[in-house]
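Q: Below you'll find the structure I mean.
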Amino acid sequence: MFAIAITLLILEVHLSGQGGVSLARQLAHAWPSYIGYVISFVTIGIMWANHHSMFRLIDRSTHGLVVANLLLLLCVSFVPFPTKVLAEHLPVAGPDQRTAVLFFSGTYVVIAIFYNLLWRVAATGHRLIAAGCEEEADKITRAFRFGVPGYAIATLLTFVAVPASLAVDAALAVYYLAPRRASSQADVP
C-alpha cells in the first residue's frame, strides 16, 4: 500500500498546458507540484521504511492489529490528495494557501495518531512484541512522543506563518529518517 501511495503522488504533478507558453516555462511554473511531491514522497517513504522495521519486532497478529494497520493505510493512501491541494495553492499567498497548508499538515496529525494507535496495539505490555525485542520496542514508544504533538504544532503554525508550518513538517521527516542510537531504525511518526 505504501508503494501504491508513493506511485500515485507523481500523478499530481501537472503542467499548465497553456497555449503559447513554452514547455520550459510550464516546467518552471510547476515548482509547487515538485515540492509537494518531494515532501510527500520522503514522508511516505520514511513511514514505509519504519513500518517495515516496526513489524520486524512484532511476532504475532491480532484482529485489532490488522484493523489498526488498515486505518493507517487508509490515511497514507489519502496523502496524494492533500499534496495536490498544497501544490495548487502554495504559489498563491492568502487564505487559500493557508487552508491548503493547514489541510496538508493536519493530514499528518491524523496519520501520526493512527501510527500511534497501530504501535500501541502491538506494544502495550509488549503483548505482540517478539521475545528479546522489548528494549527496541520501548525506544519506538519513546520516539512516538514527538509525532502527534509535532505535527499538531506544524498545523497550528499555519495560522502564524505558512513557511514555518512546512519547515516543522520537514524537520519531523528528518527526525524520523535519522537513525536512532543503539541501531534502532524502527522509530515511527
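Q: Would you please name the residue that is surrounded by the fewest Cβ atoms within 10 Å (Cβ to Cβ), looking only at residues in segment 137-161 that are small (G, A, S) and in a helix (DSSP H, G or I)?
A: Among them, the one singled out is A152.
Q: Looking at segment 109-128, which of the residues that are in a helix (DSSP H, G or I) and in contact with a strand residue (DSSP E or B) (Cβ under 7 Å, 6 or more places away or on another chain) is surrounded by the most Cβ atoms within 10 Å (Cβ to Cβ)?
A: Filtering segment 109-128 for residues that are in a helix (DSSP H, G or I) and in contact with a strand residue (DSSP E or B) (Cβ under 7 Å, 6 or more places away or on another chain), the one surrounded by the most Cβ atoms within 10 Å (Cβ to Cβ) comes out as A122.
Q: Using the structure shown, decide if R25 is out of contact with any strand residue (DSSP E or B) (no Cβ under 8 Å at 6 or more places or on another chain), of a type in the set (K, R) and closer than 20 Å to F144 by Cα. Can you show your working first?
A: Working: out of contact with any strand residue (DSSP E or B) (no Cβ under 8 Å at 6 or more places or on another chain): yes; of a type in the set (K, R): yes; closer than 20 Å to F144 by Cα: no.
Judged against the criteria, R25 is not a match.
Q: Any idea which of A68, A164, A171 is over 19 Å from F41 (Cβ atoms), surrounded by fewer than 18 Cβ atoms within 10 Å (Cβ to Cβ) and either modelled with pLDDT under 90 or aliphatic (A, V, I, L, M) (or both)?
A: A164
Q: Considering segment 54-65 alone, what residues qualify as being part of a helix (DSSP H, G or I) and either β-branched (V, I, T) or buried (at least 17 other Cβ atoms within 10 Å of the Cβ) (or both)?
A: M54, L57, L65
Q: Yes or no: segment 85-100 includes at least one residue that is buried (at least 22 other Cβ atoms within 10 Å of the Cβ), touching a residue at least 60 places away in the same chain (Cβ under 8 Å), touching a helix residue (DSSP H, G or I) at 6+ places or on another chain (Cβ under 9 Å) and assigned to a helix (DSSP H, G or I).
A: yes
Q: Checking A131 against (1) part of a helix (DSSP H, G or I); (2) farther than 17 Å from L166 by Cβ: exactly one of these is not met. Which one?
A: (1)
The values are calculated or read from the model by the stated rules, or taken from the named source; none is laboratory data. Keep in mind that what you see is a predicted model, and the values were worked out from it rather than measured. With ideal geometry, Cβ positions are generated from the backbone for all residues, glycine too; neighbour counts draw on all protein chains shown.
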